[in-house]
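A quick write-up on the structure given underneath.
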Amino acid sequence: MLLVTVHDDNSLEISLDVSDMLDPSSVYRVKIAGEPTSEFFQFQKTNGTLPPPIIFNASYHGLRYLITLLALNVDTVPRAVKSIMVLTRPLPIYNVSIDDYKLSPETGVVFEIQYPQKNNVFTRVNISYWEGDDFRSTLYTGEESETHGTLNTGVMVLKHWLPGVCYSHITFQLLSQTSFNRTNLVQSSGVQHDPGYHRTVPYPPRNVSLHIEPVEQGTLVGMDVETLKEILPVPSQDPMMREDAIGFSGDQPDNAMTSMDYISCLKDETIPWSYNETESIVNRTAGAYEDTLSPCTPPASSPANLLTPIRMLLSWLPPRPPTAFDGFNICVQREGNATRCSTVDEHTLEFVTILRNPGKFTLSVVTFSSSGTCETRKSQSSKPFNFYISPSGELFEELSEKPEEVTVRVLNSSTASVSWKYPLVNCTGAIVSVVSLTCQKENQPLERDYCSQVNLSTSVIENLVPGAQYQVVVYLQRGPLVGPPSNPLTFVIRPTGITELALYPLSPNALILSWSRPHRGVLQKYLVEMFYFNPSTLLSQWTPYHEIAATRSQTVSVRITDLRPAWFYSFRVNMVTWGVPELRCCDTPIVSLVTAPLSPEISTVEYFNNLLYVSWTYGDEASDLTYSRMLHWELVAEGRKKVKKNVMRSVMTAVLSLPPGDTYNLTVTACCEGKSNTSTAHLVSLDPVPPKSLFTVNKTQTSVTLLWLEEGVVDYFYVSCWLLDSRQEECVKVSSHVVTVSGLQPDSSYNCSVSSISHQTRSAPAFITVSTLGVELNPNVMVISVLALLSILLIGLLVIMLLVLRRKHLQMASREYGAGTFVNFASLERDGKLPYHWNKNGIKKRKLTNPVQLDDFEVYLKEMAKDSNYKFSLQFEELKQIGIDIPHSAADLPSNRCKNRYTNILPYDFNRVRLVSASQEEGADYINSNYVPGCSSPQEYIATQGPLPETRGDFWKMILQQKSQIIVMLTQCNEKRRVKCDHYWPFTAEPVSYGDITVEIASENEQTDWSYRTFRISSADEVLDVIHFNYTSWPDHGVPSTNAAESVLQFVQMIRKQANKSPGPLTVHCSAGVGRTGTFIALDRLMQHIQDHEFIDILGLVSELRSHRMSMVQTEEQYVFIHQCVQLIWKKKQQQFCISDVIYENVSI
């Protein structure tokens, strides 16, 4: 059979057996697989004898190799004869370190092994050791629950060893394991490292207790006092009979233990000792602050002996099993002296000694294990006992209680008060320990106090620094002893805030924000916050912008970028301190600005018929001016004559009338509140044009006088004349628009031309043919002929005018009807025409009227609604003619066009509201508003458009000047994704200034269909309270649903009751100020009219409204809605007993 031998040098020896050689003519090869590349070897061919073995040096240790024997014949392919799996030995571990498992040194141990890493393969580690007298072995895989660590890192943790046991001859072997044909193969490395030794830590003794009692005076008779001082205690078999004295002196023995791991303070309680009295002291571990408390140190011990010796009995139980231990160490220390320790065996569980000197004592007991070859290990110390014995023999117990419910109340920026709750023990005082947690932080000014721990005997902490973070620990005192610390409490002093906050604009999108930190104070960081209107959320709120870590610099600045051009921003900077939650200060000061707009770019310029057509762009496609503070565009063409035009912000094109013949610098300026930005100048050169209206004013036999009108800008003119049959001409340069050309031939015809010259550019010539005089005629004859002709013409014109006037008078007389006649519904014409009447003596006095008895109104309404409201349509078409000839020239002024929301809704001149302004500029008194008469006053209402961003200041000025205490808003700011009205009141409760007027929200109440607000507006020493009603369920160009008519009338009635208490006019607006506004005013007047009358004239009322503001009741749908509401009002009135009663129930405001 095939034989494979693994040697110690990691070589494989492969030999053939006679049984493997099936055919003497075959050639035998060996395939060795396992490494990344398979190897092939061929046995030497011999004459019937076995070939020599093949030696293969394996590269990997602990790796499995598969050896396959292949037989090759001449006529066949290689075939596998047999296969054998072998396993090489891993390389051994050469170094081992053993240490305690820190989390559990009694049962856990950490092994760190070092072994060759390269080409060394193993799957497990075998750990062999002696556990006392028993041999143990553990197979470490890294997957067992009691082990931790991984084989790859070489760190292993075992947690199942026994406490206090000596583990010796610890060795490690690397194991490699595999299986082949259901056979397990295992190879282990040798042991080349030094065996390890380790003793686990024993458990400490249990239930340690201490009993102290004074010794009766006769007990120590016969014993030498000095002997009692020097003798170390030796435990006896009967603990109660072993009373050995320990004397404390300044000499420190070689084996003294000087470290003190625990401190505790006794409560202030004096124990009067008498015979047979005992005291049990319960120990308690102190916290992390006791080592630094200098006031806790008792006074130096007096060398005097105690008046009454003290006997101390210490008892305990064995440590928790299973623990291997060999005895106990008992240590007694008197402060200021050496520690004296005594050792007892594992069977002794009590210890007695006599104390003769006063002072502070610390007593502890530990378990030790020393058997075996391992080093001796001691257990962790049991909780020490601390007590103080005064020279008079008074005993102060260890104070184990700590203060509870420690709180800190900050009194001001530099003082705080500490309070706590005392436990149910007697204490003589307390110590307040304070330390600054910010003193050593980076970039903080050095604090003078509390950089290191300071202990105070008072509860008031002074000299604190604003913004600093402090930690307080409180200790109770009992005599000279100090108790355990309270839970640490951290508090922060609120910072005082920044100063000298300033803004420095850099561009429309960036600015520098600068401020100074207070001279006394610390902080963690600065928080820069920004307030602005967000068009995405339609909210204005404070938003964190940037956090800046604190620096030592007194002045701090930050660059603010990505701002919106022409936008209102406010900034504030908070100082933020440490702590949870963070403290911050303050919300003031605040600086605000409106960023500059972007620079427009002139895109196209065209000149045609003396008109310059200019278009420009602003920003990119994402730029939206809807909510910006952009007011208007200013288009300026500056040449010899400066032409300026203001354009409303929603339009980016304009037409300028520019005189030709000049060169202009064309600029477009974006103007917002206090800021502007001008485009790059565009040079426009306009060629001169020929003179206009060239004619002859005088001529003689040898001269002619030419006169023309100058067109545009001209420096001078070139004039030339020549005979018709000749091309010889001579130019004359003239500077005026009249010239006399002399030296001409009598009775001759000439061609004359005049050209304009401007900026060295010559225009095309203007031509005229003139003739000089020939033979003179009698001047009297000429004059008579002209007079006769003129007389005939005048007579003819006079006759024609008389005929036209007479005919017009007859037509007007035939159309006059009487007014005030009620409709007789029995005589309604079948063609749909209603007998409503008008006076048409003049367009401006035109008024439609159609009174109807309210008892017949339901029949009238049904008749009007026939054929899809056909008769309503006839009436509404007549209403469209009202007011079309009433002038509105003020609204058409260039300075006022940008103040109109819609170009087709303009206020009439005769009744527009005029603002009182100190400015003398054109349009300073303009606002798109009209007075509308009511039932009690000719100026009972002000109908106005929804304010624009650039007119919100004018709106509030009108409210204050007109003393209007009620505003009715019938639109929303945004409807169907379109801006219908500016949000002209503040977004928050903070006052906002609109020009010279400040507006503040006093209250706000939301209802289902409307909202109710109260504003306080002020300017200088003038204050006015205004009520703002906003109906939010009325669609633009439409009417509320039929079911909502009741809600609308209730809204109108509510406002009417409030208006009766207010002396000023009622301001009503929607978007354009005509549709919903006109409907509201009509309903308000009709409700008042129906209270006292039995008839109604809706047509006449709407006609009157349109004569005071154009397009009032803008749509036919709104006109029909008024009729439907009147029907509902009349029905409500009929249901009541008295006409004077209120139609609709009161709505509380």
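Kirkwood Rh, the range 50-107, all Cα pairs: how many Å?
16.5 Å is the Kirkwood radius here.
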All other residues with a Cβ under 14 Å from the Cβ of Pro986 taken together, and with Lys, Arg as +1 and Asp, Glu as -1, what is their net charge? -1
Between Phe180 and Ser38, what length in nm is gained on full extension when 0.36 nm per residue of separation is reduced by their alpha carbon distance? 49.3 nm
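Note the full-extension length gain between Ser749 and Lys118 as 0.36 nm times their separation in residues minus their Cα-Cα distance, in nm to one decimal.
Going from the current span to full extension adds 214.9 nm.
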Proximal charge balance of Ala681 [Cβ under 14 Å; K/R count +1, D/E count -1]: -2
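Pop the C-beta distance of Ser873 and Ser993 into the FRET formula with R0 = 60 Å and round what comes out to the nearest 0.05.
0.75
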Zone of Phe1095 (label point 7 Å along Cα→Cβ, backbone N under 17 Å): which residues in the range 1119-1134? none
The summed charge of the Tyr716 Cβ neighbourhood (under 15 Å; Lys/Arg +1, Asp/Glu -1) stands at -1
At R0 = 30 Å, how high is the FRET efficiency between Leu794 and Val697 if r is their beta carbon distance? Nearest 0.05 is fine. 0.75
Within the range 38-56, name every residue whose backbone N is under 12 Å away from a label modeled 7 Å from Cα of Val18 along the Cβ vector. 49-50
Mind running the shape call on the range 601-672? Use the C-alpha gyration tensor, a ≥ b ≥ c as the square roots of the eigenvalues: rounded below 1.5 for a/c, prolate if a/b tops b/c, oblate otherwise. prolate
Distance in nm between pseudo-label sites at Asp134 and Arg1016 (7 Å out along the Cβ direction from Cα): 9.0 nm
Hey, rough spin-label estimate for Thr1032 and Ser615, points 7 angstrom out along Cα→Cβ, what's it come to in nanometres? 4.0 nm
For Ser417 and Leu683, extending 7 Å from Cα along the Cα-Cβ vector and measuring point to point gives, in nm, a value of 8.1 nm
Please work out the FRET efficiency for the pair Tyr716 and Leu787, using the Cβ-Cβ distance as r and a Förster radius of 60 Å; give the result to the nearest 0.05. 0.90
What lysines could a cross-link reach from Lys976, if we take a straight Cα to Cα line under 29 Å and drop same-chain neighbours fewer than 8 places away? Lys880, Lys899
Extension gain from Glu1000 to Leu66, taking 0.36 nm per residue of separation minus the Cα-Cα distance: 327.0 nm
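Every number here is computed from the coordinates shown, using simple stated rules; none is lab data. Quantities reported herein were computed from a predicted structural model and do not represent experimental measurements. Glycine gets a Cβ as well: all are built from the backbone with ideal geometry, and neighbour counts include every protein chain shown.
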